[in-house]
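In what follows, a structure is listed as structure tokens, so that the remarks can point back to it.
The values are calculated or read from the model by the stated rules, or taken from the named source; none is laboratory data. Since the model is a prediction, treat every value here as computed from it, not as a measurement. In this analysis, Cβ positions are derived from the backbone assuming ideal geometry, glycine residues included, and neighbour counts consider all displayed protein chains. Side chains are part of the model used for accessible areas, which takes the heavy atoms of the whole protein and leaves out ligands, DNA and RNA. Shrake-Rupley method; radii C 1.70, N 1.55, O 1.52, S 1.80 Å.
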Amino acid sequence: MDELIKAGEQGDYEAQFTLAQCYYLGINTEQNYQQAFEWCQKSAKQGYADAQNNLGHLYHYGEGVTQNYTLAVKWYRKAAIQGHADAQNNLGDCYYHSDGIEQDLTQAFEWYVKSAQQGLALAQLNLGICYANGEGIEQNHCEAALWFTLAADQGLADAQYNLGTCYASGEGVKQSHEKARDLFLMAAEQGDADAQNALGLCYYNGNGCEQDYKIAVEWYVKSSEQGLAVALNNLGMCYSNGEGVEQDYDYAFKLYTIAAEQNCLHAISNLGSCYHYGKGATQDYKKSIELYRLAAERGLAIAQCNLGACYFDGTGVEQSYERAVEFYTKAADQGLAEALNNLSGCYFNGHGVDKDFDKAVELLTKAIERGHLGAKAMLESFKEIQEAEKKIQLANRTEVFISYTRKDKKYLDELNTFLKSLSLDYGIKIWYDRMIKTGDEWKKEIREHMSVARVAILMVSQDFLVSDFVRNEELPRLLQAAIREKSTIMWIPVGVSQVDSTRIKGIEDSDVSDICISSFQAVAGSTKPLRSMKRQERDVIYNALCEDIKNCFGV
């Protein structure tokens, strides 16, 4: 030390730097940050890059000198300009975190690149993070994985963990739970808390390894001992469910509480469940709602779903199907299987929303894709109920409704001579608007008969297609009934028309819209208009129509 001090006092910048290191680390002398700072400053002022970087570090963390981010940036920059890899990475950190300088992610990225290209593992990790998050550069998961790999190959635990997450999700690399598990293990054995928790999750879910709750608990414990909130929460769930450990609600509650104090949203929601069900805490619905809401408002899907369930059942809050749907929807939009399943039931039963079978099926299908255990059975149940309802609806439809325009009255009269036999022989009721009695509310009467029509006969001509009442009142209701309730549409081309290109809008508040008449089969497959036929040919069409009607009524 005496020789070093002598050389340092004579202005040897390398000796000055070495002295600074000795005092900083306590090598051959007592640790003394102030002495470290003074010798480092002497060396740095002579332009020695190593000393300039270290001086920046001392200012950055306030070791041996009052903390000063601005001066830290100054000295990091001096060393970085000389190509010092550590200083380039440190300067990038200052730009990234806005320490002593205005945040500039592009500048941060550029300095990380300079450092990473020199092989500094920490800079390679930081560069990978920039690519993964699209910070300072366009997001590119492949580039992120590449830089994580370079850093991980140097043994950097954080890089091994980040690369493991890439393999677990399949972002930037081919998904492999086995490789993810191996990388998490490398980092975990170095004491990385995030990796220890991730490795616990691998064993908990059986991803890349055989499912083993006990091993999962062991890694959760290691991570939670370092205070990682998510690991504390995961360990709490194991104690709550008795997975890998003896069930202990009280200890689970304690772990959730510690994690919740660190603002872990899952732990906050789980605390809500503890109060909700009285497990580990005295049952308190008000407290439960308060905790669910706190996590839900910050976007946690499971908390939103739980809050929705409380509104659905009226637990701790005034029952409201509408509010239940609101929260189920927020959670379902994030892909939560339980919320998709619950929201499906709301649409199927019309709780808080209009009944919508197709929407219910769509939501259940998504829930099944996300592994919900009960969704498949519920989907089958929904389909059975829907088919039964359709049969009941169809059974309540007992008439034949004829839609036509007065200009085509001649063909209605011809058709009616055949339809009368259906009434006389089989009791099938035929109805059209000329049956409205004087004094009846004609629009109400028409709607009532449309609502009980099992078969709708459309006598299509261009006059028919441009009739306001037909187009806006009759066709939307008749066509929707055919799609939603399986009533039957039978149409006859009376004259040349634009039937193939005419689309009918659905009735108000319906999801059935833009229906084309020609998508239904014309009677007897006829494409030739009645006006172009001889009477004998038309009679063949009318007779075929009657046979089709008999089939619809099962006679």
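For the reader, a short list of remarks on this structure follows.
- Those helices (runs of 4 or more DSSP H) of the range 404-506 in which 1 or more residues are open to solvent by 60 Å² or more (accessible area, probe 1.4 Å) and farther than 23 Å from residue 532 by Cα occupy 409-426, 442-451, 475-484.
- Qualifying residue in the range 123-142 (condition: farther than 30 Å from residue 185 by Cα and surrounded by fewer than 20 Cβ atoms within 10 Å (Cβ to Cβ)): yes
- Note on the range 308-317: residues that are outside any helix (DSSP H, G or I) and under 16 Å from residue 278 (Cβ atoms) amount to 2.
- Unique match (being within 46 Å of the chain's Cα centre (by Cα), in a helix (DSSP H, G or I) and within 25 Å of residue 107 (Cα to Cα)) among 83, 56: 56
- Residue match in the range 204-214 (condition: open to solvent by less than 50 Å² (accessible area, probe 1.4 Å), outside any loop (DSSP other than H, G, I, E, B) and within 18 Å of residue 232 (Cβ to Cβ)): yes
- Residue 272 satisfies every condition listed in (1) in a helix (DSSP H, G or I); (2) within 24 Å of residue 157 (Cβ to Cβ); (3) open to solvent by less than 20 Å² (accessible area, probe 1.4 Å) except (2).
- All of 112, 69, 76 fail the test of being modelled with pLDDT of 95 or more and farther than 26 Å from residue 154 by Cβ, apart from 69.
- Among residues of the range 350-381, those that are of a type in the set (Lys, Arg) and either farther than 23 Å from residue 323 by Cα or part of a loop (DSSP other than H, G, I, E, B) (or both), counted: 3
- Against the list (1) of a type in the set (D, E, K, R); (2) more than 56 Å from the chain's Cα centre (by Cα); (3) outside any helix (DSSP H, G or I), the condition residue 3 fails is (3).
- One residue from 307, 294 being under 22 Å from residue 343 (Cα atoms) and either touching a strand residue (DSSP E or B) at 6+ places or on another chain (Cβ under 7 Å) or open to solvent by 30 Å² or more (accessible area, probe 1.4 Å) (or both): 294
- Once the range 325-336 is narrowed to residues that are within 10 Å of the chain's Cα centre (by Cα) and in a helix (DSSP H, G or I), the residue that is surrounded by the fewest Cβ atoms within 10 Å (Cβ to Cβ) is 330.
- Annotation: of all residues in the range 183-194 being surrounded by 17 or more Cβ atoms within 10 Å (Cβ to Cβ) and over 25 Å from the mean Cα position of the chain (by Cα), the one that is farthest from residue 158 (Cα to Cα) is 185.
- Scanning the range 14-35 for residues that are within 19 Å of residue 65 (Cβ to Cβ) and part of a helix (DSSP H, G or I) gives 16, 17, 19, 20, 21, 22, 23, 24, 25, 33, 34, 35.
- Single unsatisfied condition, residue 161 versus (1) within 30 Å of residue 113 (Cα to Cα); (2) open to solvent by 50 Å² or more (accessible area, probe 1.4 Å); (3) not in a helix (DSSP H, G or I): (3)
- Of all residues in the range 229-247, those that are in contact (Cβ under 8 Å) with a residue 12 or more places away in the chain and either open to solvent by less than 40 Å² (accessible area, probe 1.4 Å) or outside any helix (DSSP H, G or I) (or both) total 12.
- Checking each residue in the range 277-291 for being buried (at least 24 other Cβ atoms within 10 Å of the Cβ) and touching a residue at least 40 places away in the same chain (Cβ under 8 Å) picks out no residue at all.
- On the stretch given as the range 164-180, residues that are open to solvent by 60 Å² or more (accessible area, probe 1.4 Å) and not in a helix (DSSP H, G or I) total 3.
- Note on the range 275-307: residues that are in a helix (DSSP H, G or I) and not hydroxyl-bearing (Ser, Thr, Tyr) amount to 18.
- Taking the listed residues 74, 114, the one that is closer than 26 Å to residue 147 by Cα and of a type in the set (Lys, Arg) is 114, with no other qualifying.
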